[in-house]
Amino acid sequence: MRSVAVVVQPGFAPFEFGLACEAFGLDRSDDGIPNFDFRIVSPDPGVVPSNIGFSINVEHGLDAADDVDILVLAPIPRAQWEDVDERVIDLVRRADARGAWLLSVCSGSFVLAAAGVLDGRRATTHWRYAHTMARMYPEIEVDPDVLYVQSGNIITSAGTAAGLDACLHLLRQELGAELANRIARRMVVAPQRDGGQAQFIAAPIPVDTSLSLAPVTEWMMQNLHADLSVERLAARAHMSPRTFARRFKADFGATPAAWLARQRLLHAQRLLEETDLGLDRIASECGFGSAAVLRQNFARTMGLTPTAYRARFSCSDDVAAPSREAVPA
């Protein structure tokens, strides 16, 4: 990935637009992170008003995005959902046809939907708009309960901060876990929130801190190799399995199994990048049990086999980076 363009249209949301600029537009070369050829484009270059009373001056038209590796669709106002600019639709279709990444933030997914590139795919948007998208585009499997969804070369995300999670998810795939983590640290945000996490967490901060599950999750992180059943975790938390599972979902927005699977995958990424351990050893260290199970989980989530991921992102200078390896069906 070398070039990124963000499409802004009248009535754009500044925060969501800004997070795309933060993720892809800043110079972080002093942290060893490659710079991107970053462009902001609009159907009608010039003054483009935001939805909160100020405007930006956009120099480039849509033709400047015809060769980019990733196209980001900033949110559009509700009034445009049923009348998306045909010029933007054509741009999206051309980008999809050449295999570029497409990433939408919040209601930017309505642009992708109007272009037809989400037909037959799973996608998401802000939970307030999900029912409208499902009604307008019945060919799309709209999931209102997740932060972001990747379907092939297309990533759709929910509102506000979920868009940043989606950007980091893409950067992790293109740059590797270590560089993505450096970017997250510069932003002072969590390195990775799983896309399957709920958009709405019922109790992000426990009312009674004495009941915090932090000691349990810390212990889980130190024992990823172990058999971490809900029953065993509940015993450490001094709760019944049912209460523990319910409380964990309320606090973290994911089931214990889903949260644990994500942490194991992240640990596998780090070991693939930073060590020369064999796949069997990595599978054992991460709690996957066998190399075959590691491959299955890794490929399903990352779109790459562990071997291909290591070849691309290993910290060793002795490993050459090949082209993106297809994952067996």
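Odds and ends about this structure:
- Candidate set from segment 84-107 (those that are within 18 Å of THR160 (Cβ to Cβ) and of a type outside the set (Ser, Thr, Tyr)); member that is surrounded by the most Cβ atoms within 10 Å (Cβ to Cβ): VAL105
- So VAL84, is it in a loop (DSSP other than H, G, I, E, B) and either free of Cβ contacts under 8 Å to residues at least 12 places away in the same chain or closer than 26 Å to THR305 by Cβ (or both): no
- Selection count where residues are open to solvent by less than 80 Å² (accessible area, probe 1.4 Å) and either over 17 Å from ALA95 (Cα atoms) or not aliphatic (A, V, I, L, M) (or both), scope segment 61-83: 8
- Restricting attention to segment 73-105, the residues that are among the small types (Gly, Ala, Ser) and within 16 Å of GLN9 (Cα to Cα) add up to 3.
- Out of ASP96, ASP67, sole residue that is assigned to a loop (DSSP other than H, G, I, E, B) and charged (D, E, K, R): ASP67
- Unmet criterion (only one of (1) part of a loop (DSSP other than H, G, I, E, B); (2) touching a residue at least 60 places away in the same chain (Cβ under 8 Å)) for GLU139: (2)
- Looking only at residues of segment 9-57 that are among the charged types (D, E, K, R) and not in a loop (DSSP other than H, G, I, E, B), we find that the one that is most open to solvent (accessible area, probe 1.4 Å) is ASP30.
Here is a yes/no grid of residues against (1) open to solvent by 40 Å² or more (accessible area, probe 1.4 Å); (2) at pLDDT 85 or above; (3) of a type in the set (Ser, Thr, Tyr):
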position: SER151; (1), (2), (3): no, yes, yes
position: LEU168; (1), (2), (3): no, yes, no
position: LEU175; (1), (2), (3): no, yes, no
position: ILE183; (1), (2), (3): no, yes, no
position: VAL188; (1), (2), (3): yes, no, no
position: THR209; (1), (2), (3): yes, no, yes
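- Figure legend. Inter-residue proximity from segment 257-270: first residues open to solvent by 40 Å² or more (accessible area, probe 1.4 Å), second residues at pLDDT 90 or above, beta-carbon distance below 6 Å, spacing 6+ or different chains. Indicated pairs: HIS267/LEU224; HIS267/CYS286.
- Of the residues making up segment 4-35, those that are closer than 21 Å to ARG182 by Cβ and over 18 Å from the mean Cα position of the chain (by Cα) are LEU26, ASP27, ARG28, SER29, ASP30, ASP31, GLY32, ILE33, PRO34, ASN35.
- Top-ranked residue in segment 211-249 [being β-branched (Val, Ile, Thr) and either under 30 Å from ARG281 (Cβ atoms) or at pLDDT below 90 (or both); ranked as most open to solvent (accessible area, probe 1.4 Å)]: VAL230
- Taking the listed residues LEU294, LEU266, the one that is modelled with pLDDT under 90, in a helix (DSSP H, G or I) and not basic (Lys, Arg) is LEU266, with no other qualifying.
The values are calculated or read from the model by the stated rules, or taken from the named source; none is laboratory data. These numbers come from a predicted model, not from an experiment. Cβ atoms come from the backbone with ideal geometry, glycine included; neighbour counts cover every protein chain shown. Heads up: the accessible areas ignore ligands, DNA and RNA and are worked out on the full protein's heavy atoms, side chains in. Shrake-Rupley method; radii C 1.70, N 1.55, O 1.52, S 1.80 Å.
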